[in-house]
1. Given +1 on the Cβ of Lys and Arg, -1 on the Cβ of Asp and Glu, and no further charges, what dipole in debye does segment 46-150 carry about its Cα centre, rounded to the nearest 20?
2. Place a point 7 Å from Cα of HIS219 in the direction of its Cβ. Which residues in segment 227-268 have their backbone N less than 19 Å from it?
3. Holding the Cα-Cα limit at 23 Å, pick out from LYS21/LYS165; LYS23/LYS176; LYS21/LYS195; LYS106/LYS195; LYS23/LYS106; LYS106/LYS176 the pairs that are longer than that.
4. For the chain, what does the accessible surface come to per residue with a 1.4 Å probe? Please give it in Å².
5. What percentage of the solvent-accessible surface of the chain, computed with a 1.4 Å probe over protein heavy atoms, is contributed by carbon and sulfur atoms?
6. Given the options GLY181, GLY112, GLY29, state which has the largest fluctuation in a GNM of the chain using a 10 Å cut-off (strictly under) for Cα springs.
7. Based on Cβ point charges of +1 for Lys and Arg and -1 for Asp and Glu, what charge dipole magnitude is obtained for segment 140-287 about its Cα centre, in debye rounded to the nearest 20?
8. Kindly provide the helix-only [θ] at 222 nm of the chain, computed as the sum of -39,500 (n - 2.57) over DSSP H runs of four or more divided by all residues, to the nearest 500 deg cm²/dmol?
Amino acid sequence: MRSDILFSASRGAVDVVHVYKQKLKLPEGSDVAVATQETGLIFAGLRVAHTWIFESAPGQSLQATGALTALSVQSVQHWDVSGRAGYTNADGYSLNAQVLRQNSRKQFSGYGMNHPDGYGYTADLGVMWTPTEHSFINVSAVDLFSQVNVRGVAAQRAKVSSSTKSTDAQGYVEYKPLVSGRYSSERVGLRLNPKLGVSGGVRVDWLDTRALLGARLEHVANINIPSLWAVLPLSAGFSLQFEAETRFHSFGLGLHHRYGSLMLRTSSLDISHSEALGVQAAVNIPF
């Protein structure tokens, strides 16, 4: 089971939210572009992978891995808002936008299936070079090729317009938009965002064992995520994993075995203060 969520917003969209939620004002004569997108997917899959090993010299090798995953989509949600907003002292605030909302878990005025039919695939590629017995360099591309299709998704397409100078009793802008549009049931086709990564590691003697330390740089949807990680071998084939990334200031701690792994990802061990909390689990069946 896997969940992917990607949110993006233009500077103008952020400014409009600040006006609406924080009583801020746009400069006189402002005319800004508003663009916001959010896509969320939940799906399960069966993954098949194969690794080819090429030895170039003693202690050196090159490995290439390819994987193909068949996907069963459990849920898809998508928001797309685009338009313009402005402000003048004479006319106040104006907003004109087009909105697309798609949600497989809801029905809009009877449109949309209770259990939409979703399927797809994704392909991964990776290459690892071991220049010595104690180090490696890895280049990977996750979701390099992918396609997801979901039928019977409830959809709303609307035009939103507003022009106002009024505020409520607490001083917040009262948009009171005029909304016109339609509902429908649609087939949604999406591609997963490729995740490109480069990592390297080295084995070191630590606590009477051979720990593995390394660094990684990931690139997803124009975002770079640098991180540090460590693997400490335990008994019975288990190993303790630790990861810390500096882009969103979160870390992960978990157990790994050749037959599976379990990891907790969070920004704080105190759940009441955590801003990012998730669990990552995997089951591997070698053959």
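1. Numbers: 5 positive and 7 negative charges, 94 e Å.
Using Cβ point charges on Lys, Arg, Asp and Glu, segment 46-150 gives about 460 debye.
2. The answer is 227-228, 246-248.
3. Values: LYS21/LYS165 16 Å; LYS23/LYS176 16 Å; LYS21/LYS195 34 Å; LYS106/LYS195 30 Å; LYS23/LYS106 33 Å; LYS106/LYS176 25 Å.
Cα-Cα > 23 Å for LYS21/LYS195; LYS106/LYS195; LYS23/LYS106; LYS106/LYS176; rest within.
4. On the way: 17990 Å² over 287 residues.
Roughly 63 Å² per residue, with all protein chains present.
5. Working: 10520 of 17990 Å².
Answer for the chain: carbon and sulfur cover 58 percent of the accessible area.
6. GLY29
7. For this selection, approximately 780 debye.
8. Numbers: 1 runs with 12 residues, N = 287.
Mean residue ellipticity at 222 nm (helix-derived): -1500 deg cm²/dmol.
The values are calculated or read from the model by the stated rules, or taken from the named source; none is laboratory data. Here the structure is a predicted model, which means the values were calculated and not measured. No Cβ is skipped: glycine too gets one built from the backbone with ideal geometry, and neighbour counts run over all protein chains shown. All accessible areas refer to the heavy atoms of the entire protein, side chains included, with ligands and DNA or RNA removed. Shrake-Rupley method; radii C 1.70, N 1.55, O 1.52, S 1.80 Å.
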